[in-house]
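Colleague: Let me give you the structure first, and then I'll get to my questions.
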Amino acid sequence: MRVLVHVLVLSLLVALVGERDVWAQAEGDEGVALAGKQLERGEFEAAEKTIRRALLGVGNERAEAFRVLGLALFFQERLLEARAAFLDYLRSEPDAHLDPALVPPEAITLFEDVRARNLAEIESLRPRPKKKRYLLLNLVPGAGQRQNGDTTKGIIVAVGLGALLATNIGSYYWLKNKCDDVTRVCGDADEDDARGARDMQVVNQFSGVAAVGVYTYAVIDGFLGYRAAKRAESMRTRHHMGFDLLPTKEGARAQWSVEF
């Protein structure tokens, strides 16, 4: 009798372990593959149960999971829930399409109707083309700031540098006309001319130094902004947080997801 009890307990433990292994297998990306095979075999209810468990830990196969869920619900004639799953599929993959060789025309019609009714939202989720950035453009004051997203700063830098250069060049030619090209003496005959020439020399020197300073600042700021923008773009491609409403028989379940 005791031996029989031990055998029964051992059988129960083996069954529980086996069930736990099947449960673990049905979670995550492996669960998506399993649900896909169940769908192909016509096991629609089993595919639905498997994919709902898989969605709790799915990673790269998130879009595929919603495709399988939508089809499993469609074949059970639960069309409202199928619409919700297809919409989540399109949110995950805006360019998605159902293969007419694998699914009936009715399913494709329903899927495309979901796309048409939610086109604005789906288009807003489409990945934007990656903005091109040019490293050497940071050598042009104002242009570097603009490509890094600092348009106002770029305008201020460009206008400021332009004004300083105009002042420097204008004062240079004024001095060239007023001063002797050989001796570089300004205004020998008239004290007022001499005083004005000295003041203009100060303006010329100050504007020149200031122009060099502004240019140096613009270049350094451009390269720093370029580096920060590239780092931010890299982080955006690596991290994604999402919120989904998963359809259930009772209604819906909210789920947050973070992808790395």
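Colleague: Pull out all pairs, ordered by first then second residue, where Cβ-Cβ is under 9 Å, the residues are six or more apart or on different chains, the first lies in the range 19-37 and is among the basic types (Lys, Arg), and the second is crowded, with 20+ Cβ neighbours inside 10 Å and modelled with pLDDT of 65 or more.
Modeller: 37/47
Yes/no per residue for (1) surrounded by 12 or more Cβ atoms within 10 Å (Cβ to Cβ); (2) over 21 Å from the mean Cα position of the chain (by Cα); (3) at pLDDT below 85:
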residue	(1), (2), (3)
102	no, yes, no
107	yes, yes, no
115	yes, yes, no
120	no, no, no
126	no, no, yes
130	no, no, yes
141	yes, yes, no
153	yes, yes, no
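Listed here are the residues, each with its yes/no results for (1) touching a residue at least 40 places away in the same chain (Cβ under 8 Å); (2) in the same structural domain as residue 228 (by TED's automatic domain parsing).
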| position | (1), (2) |
| --- | --- |
| 110 | no, no |
| 114 | no, no |
| 120 | no, no |
| 139 | yes, yes |
| 142 | yes, yes |
| 145 | yes, yes |
| 150 | yes, yes |
| 154 | no, yes |
| 157 | yes, yes |
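Colleague: Check 221, 199 and return the single one that is loosely packed, with under 13 Cβ neighbours inside 10 Å and at pLDDT 60 or above.
Modeller: Result of the check over 221, 199: 199.
Colleague: What residue, among those in the range 159-178 that are in contact (Cβ under 8 Å) with a residue 24 or more places away in the chain and either among the aromatic types (Phe, Trp, Tyr) or in contact with an Asp or Glu (Cβ under 6 Å, 6 or more places away or on another chain) (or both), is farthest from residue 209 (Cα to Cα)?
Modeller: So the residue we want is 174.
Colleague: Next question, about the same structure. If only one of 29, 21, 88 is closer than 27 Å to residue 115 by Cβ, modelled with pLDDT under 90 and part of a helix (DSSP H, G or I), which one is it? Quick ask: steps written out before the conclusion?
Modeller: Numbers: 21 fails: closer than 27 Å to residue 115 by Cβ; 88 fails: modelled with pLDDT under 90.
Exactly one residue qualifies, and that residue is 29.
Colleague: Still on this structure, please answer the following. Suppose we filter the range 39-76 for residues that are free of Cβ contacts under 8 Å to residues at least 24 places away in the same chain, part of a helix (DSSP H, G or I) and over 18 Å from residue 93 (Cβ atoms); how many remain?
Modeller: Number satisfying all stated conditions: 3.
The values are calculated or read from the model by the stated rules, or taken from the named source; none is laboratory data. This structure is a prediction, so every number in the text was calculated from the model and none was measured. FYI the Cβ positions are ideal-geometry reconstructions off the backbone, even for glycines, and counts take in every protein chain you see.
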